[in-house]
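Here the structure comes first, spelled out in structure tokens, and everything after it is commentary.
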């Protein structure tokens, strides 16, 4: 059961940022496991259980990221991340960024969570546009509800040349190469240190299940580019 992070969690993240080398990490590995990894895994497990109960047909899986950076992509940075995240999504062979995914991330400066499709295949976004062209009402309802609740911010990577215009509500989606719905928190509020965090994140991500299901259904459509 998730019981919260602690001040030691934040101390470790700042520590690894300013001491990003193997000797420091090895000397503080138990701190990492106790104060960051295990609480993160417990939070992932609890939110996964909630989403799985709400959508058992999706067969969702949860995974905590590695703290070790990919040695091929260090680019002068140290070998360790100074933050950690987890993901929940449908099983897939592709890397998580190429499928719609729920996530939570904790950093030295703050924390965030949401649902993203970071490297959406062009075919999927073309299918979404076709849906919006031919049957906009179902997604309009979802987008309107998201806007009304105001809990998540939509951030997109737009095409350099807009694909078209339907309405102020749908245009950001229609012209997106990829997107993320997220809640960002600067600093480390008291909720991080209690079980209430699992309830908050679980409840909010459950609100996004209809959007997640919609995107999955779009993936099954014929490719309109053919």
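Here are a few things to note about the model shown:
- Restricting the search to helices (runs of 4 or more DSSP H) fully inside region 1-93 and requiring at least 3 residues that are modelled with pLDDT of 95 or more and crowded, with 17+ Cβ neighbours inside 10 Å gives 7-18, 38-54.
- Residues that are touching a helix residue (DSSP H, G or I) at 6+ places or on another chain (Cβ under 9 Å) and over 30 Å from residue 90 (Cα atoms) within region 19-55 comprise 19, 24, 25, 28, 31, listed in sequence order.
- Yes/no for residue 107 being touching a helix residue (DSSP H, G or I) at 6+ places or on another chain (Cβ under 9 Å), at pLDDT 95 or above and either farther than 29 Å from residue 68 by Cβ or surrounded by fewer than 16 Cβ atoms within 10 Å (Cβ to Cβ) (or both): no
- In region 128-144, the qualifying residues are those that are in contact (Cβ under 8 Å) with a residue 40 or more places away in the chain and under 22 Å from the mean Cα position of the chain (by Cα), and the one that is farthest from residue 221 (Cα to Cα) is 142.
- Checking each residue in region 159-182 for being out of contact with any strand residue (DSSP E or B) (no Cβ under 6 Å at 6 or more places or on another chain) and not in a loop (DSSP other than H, G, I, E, B) picks out 171, 173, 174.
The values are calculated or read from the model by the stated rules, or taken from the named source; none is laboratory data. Being a predicted model, the structure only gives us computed values, none of them experimental. Here the Cβ is made from the backbone with ideal geometry for all residues, glycine too, and neighbour counts use every protein chain on show.
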